[in-house]
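A.B. asks: Handing you this structure, nothing more for now.
Readers should treat all values here as calculations from the given coordinates under stated rules, not as data from a laboratory. Fair warning: this is a prediction, and the values are worked out from it, not measured in the lab. Cβ: placed from backbone, ideal geometry, glycine included. Neighbour counts: every protein chain shown.
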Amino acid sequence: MDINTIRKETRGCTDKIFLNSAGSSLVTDTVFDIMMNSLTEEARIGGYALASLNQEGIDDFYAETAKLLNCRLENIAFQTSATDAYAKAISSIEFKTGDVILTTDDDYVSNQISFLSLKKRFGIKIIRAVTRSDGDLDLVAFEELVKEHQPKLVALTHIPTSSGLVQAAEEVGAICRKYNTWYLVDACQSVGQLVVDVQKIGCDFLAATGRKFLRGPRGTGFLYVSDRALEAGLAPLIIDMIGAEWTSADDYKLEPTAKRFEFWESSIAGRLALKEAVKYANHVGMANIQEYNAGLMAQFRNQLKQVKGLNLQDRGTQLSNILTFTMDQHTTEEIAQQLREHHVYFSITSLCSARIDFPKKNIESAVRLSPHYFNTPEELEKVVTILDF
Ligand SMILES: Cc1ncc(COP(=O)(O)O)c(C=O)c1O
């Protein structure tokens, strides 16, 4: 991995220290160029002509994404966000009163709200798995819960938005396969950051976004759907004319591939730019990106541990490129002010995104830094100095 070339191909990284890839990352120059050129062309010839001129590029998105996730292109559906993907996946399962969703304390805020909404509407039960004191899932207890409650759906967020924890997606997948349970993974923060292999994870659905660690444009994402789910006829509650063919006044035929989870309308510039982002990640190599990130973060965490009064808030035996912290002597807002003054880009995570995790840590908010492979150890050393204030 050639970090100098990567930085040269990232126009946004030169005049700041950008540590917000978990929010919305810096796109590569190729992603930016494709987006801009497509929009320019669209203004000239219109959206439909743009689409037919670029059919090959639109189709390539499926092959590139299948390569990224290690599946067939028929398992991939374009989506406008991870939430879009997640909502369609959930809507494909026929919940009845008393059905159980087994999830975790660290699942994403919007996913938790969706489960609560299903509870209100259908009377489903939400069970949250046991978290060990080190932050990891208790997998023995997890299997017991699956055995006892026979959940209709197991829903796991691979990396939460509010901490650096990496959850045991593959181990949970093995349990789901053993008990034949539908398994939905929110990989919004892990795709583009880690090697994400759907065969190894053994999931039925995997939702991701374009704009975070994948470095694609906003308003894009995708959904992986397993052959098992496709063959079982799972389809979103609301299907449009790309998801099915209207065969007679009173009938329709479902699209055989994961495209049954798509809607017809989307931004062609967005699709082409997302394809470019996935291609870029495949080209750099997810194993290389993961290895570089692991080294970068280990050093960063060690250096931050030396800063007096700084409390790293991430728990778990495997940690990711999301780093959250608080400081004894400064409020979150004071830290934010200090980082802003030094042109460091970051996010603040608040209690309403971490209603279960933050009370356990006895905090109400945390600063979230999320470096990526275009960041250098020198940049992170500078941030350590900035935080020693
Ligand atoms: C873990 C996780 N899941 C899902 C989402 C939602 O992604 P999107 O905004 O693309 O729908 C986020 C966004 O921060 C996230 O962190």
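A.B. asks: Gain in length, Met36 to Asp15, computed as 0.36 nm per residue apart minus the alpha-carbon separation, to one decimal in nm?
C.D. replies: This chain segment gains 5.4 nm when fully extended.
A.B. asks: Additional query: Pick from Ala249, Ala287, Ala273: which is most flexible by mean-square fluctuation in a GNM of the chain where alpha carbon atoms under 10 Å apart are linked?
C.D. replies: Judging by the Gaussian network model, the answer is Ala249.
A.B. asks: From the square roots a ≥ b ≥ c of the eigenvalues of the alpha-carbon gyration tensor of segment 212-268, which class results: rounded (a/c under 1.5), prolate (a/b over b/c), or oblate?
C.D. replies: Here segment 212-268 falls in the oblate category.
A.B. asks: Here's something else I'd like to know. Can you tell me the order of 185-191, 357-363 when each peptide is scored by its average per-residue count of other Cβ atoms within 10 angstrom, highest first?
C.D. replies: So the peptides 185-191, 357-363, ranked by packing, come out 185-191, 357-363.
A.B. asks: Sticking with this one: On alpha carbon coordinates alone, what is the Rg over Rh value for the chain, Rh being the Kirkwood radius?
C.D. replies: A ratio of 0.98.
A.B. asks: Name the trypsin sites (Lys or Arg not before Pro) in segment 1-89 that are in a loop by DSSP and that have at most 16 other C-beta atoms within 10 Å, would you?
C.D. replies: Listed in order of number, the matching sites are Lys16, Arg72.
A.B. asks: Hey, rough spin-label estimate for His149 and Thr97, points 7 angstrom out along Cα→Cβ, what's it come to in nanometres?
C.D. replies: It is 1.9 nm.
A.B. asks: Work from the charge dipole of the chain (Cβ charges, +1 for Lys and Arg, -1 for Asp and Glu, about the Cα centre) and give the residue of Val31, Ile356, Tyr62 farthest towards its positive end.
C.D. replies: Farthest towards the positive pole: Ile356.
A.B. asks: Return Phe32, Phe78, Phe142 ranked ascending by Cβ neighbour count within 10 Å, so the fewest neighbours appear first.
C.D. replies: Going from sparsest to densest Cβ surroundings: Phe32, Phe142, Phe78.
A.B. asks: Next up: With the Cα gyration tensor of segment 130-264 giving a ≥ b ≥ c as the square roots of its eigenvalues, does the rule (a/c under 1.5 for rounded; else a/b larger than b/c for prolate; else oblate) give rounded, prolate or oblate?
C.D. replies: oblate
A.B. asks: Right, here's the next one. Which distance in nm do the two modelled labels at Lys200 and Arg228 give, with both placed 7 Å along the Cα-to-Cβ direction?
C.D. replies: According to this spin-label approximation, the distance is 1.8 nm.
A.B. asks: Here's a follow-up. Can you sort Leu214, Leu69, Leu206, Leu39 from fewest to most other Cβ atoms within 10 Å of each residue's own Cβ?
C.D. replies: Least to most surrounded, the residues fall as Leu39, Leu69, Leu214, Leu206.
A.B. asks: Starting with the fewest neighbours, write out Asp106, Asp138 ranked by other beta-carbon atoms found within 10 Å of each beta-carbon.
C.D. replies: Asp138, Asp106
A.B. asks: Grab the Cα-Cα distance for Leu116 and Lys308, subtract it from 0.36 nm times how many residues apart they are, and report the gain in nm with one decimal.
C.D. replies: Gain on stretching Leu116 to Lys308: 65.1 nm.
A.B. asks: Another question, if that's okay. Choose one answer from Leu310, Leu68, Leu274: the residue with the largest mean-square fluctuation in a GNM of the chain with alpha-carbon springs under 10 Å.
C.D. replies: Leu310
A.B. asks: Along the Cα→Cβ direction, 7 angstrom out, place labels at Glu333 and Arg128. What is the inter-label distance in nm?
C.D. replies: Using points 7 Å along Cα→Cβ, the separation is 2.8 nm.
A.B. asks: Highest GNM mean-square fluctuation, the chain, Cα pairs closer than 10 Å: which of Ile17, Ile238, Ile101?
C.D. replies: Per the Cα network of the chain with a 10 Å cutoff, Ile238 tops the list.
A.B. asks: Can you figure out the FRET efficiency of Asp240 with Ala43, using R₀ = 25 Å and their beta-carbon distance, to the nearest 0.05?
C.D. replies: 0.40
A.B. asks: What percent do you get for the relative contact order of segment 135-263 when only Cα pairs under 8 Å and 6+ apart count?
C.D. replies: Relative contact order here is 16 percent.
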